[in-house]
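Worksheet: one structure, shown below.
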Amino acid sequence: MLRAISLFEIRYYLRHPLLYGTTLLLGLMTFGAMTSDSIVLGGSIGNVHRNAPIVIIQFMTVMTILGMFVVTAFVASSAYRDF
């Protein structure tokens, strides 16, 4: 039963535009922050290299917090459909 419900949810979200929009947005934010000096997410630029451990940890923290909002949107959508 759990397998059937999980497959239904996966098929539903693969047809949902929110998945592709958030994937594209987070991917572009990550790409922009790593390749451009004008976009800074979670790290200082100056004398610190972009692959320094502290910059990577700060970057992952910012992206995780943004990702939690995306997960909340997906869970809220499922909860709303069940209600």
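The values are calculated or read from the model by the stated rules, or taken from the named source; none is laboratory data. No experiment lies behind these values; they were computed from the predicted model shown. Glycine also receives a Cβ, built like all others from the backbone with ideal geometry; neighbour counts cover every protein chain displayed. What goes into the accessible areas is simple: the full protein's heavy atoms, side chains included, and nothing from ligands, DNA or RNA. Shrake-Rupley method; radii C 1.70, N 1.55, O 1.52, S 1.80 Å.
Any idea which of (1) open to solvent by 50 Å² or more (accessible area, probe 1.4 Å); (2) in contact with a Leu (Cβ under 7 Å, 6 or more places away or on another chain) is the one Phe59 doesn't satisfy? (1) is the only condition that Phe59 fails. Criterion first (open to solvent by 50 Å² or more (accessible area, probe 1.4 Å), at pLDDT 90 or above, among the hydrophobic types (A, V, I, L, M, F, W, C) and on the phi < 0 side of the Ramachandran plot) does Phe69 satisfy it? It is true that Phe69 is open to solvent by 50 Å² or more (accessible area, probe 1.4 Å), at pLDDT 90 or above, among the hydrophobic types (A, V, I, L, M, F, W, C) and on the phi < 0 side of the Ramachandran plot. Among the residues of the stretch 1-43, the ones that are open to solvent by 50 Å² or more (accessible area, probe 1.4 Å) and of a type in the set (Asp, Glu) come to 1 in all. Listed by first and then second residue, the pairs linking a residue in the stretch 2-21 that is closer than 19 Å to Ala73 by Cβ to a residue that is basic (Lys, Arg) and modelled with pLDDT under 90, with Cβ atoms under 9 Å apart and 6 or more places separating them unless they lie on different chains, are Tyr12/Arg81.
Of the residues in the stretch 13-28, at least one is in contact with a Phe, Trp or Tyr (Cβ under 6 Å, 6 or more places away or on another chain) and in a helix (DSSP H, G or I).
Considering Val40, Val62, the condition of being modelled with pLDDT of 80 or more and over 29 Å from Phe8 (Cα atoms) is satisfied by Val62 alone.
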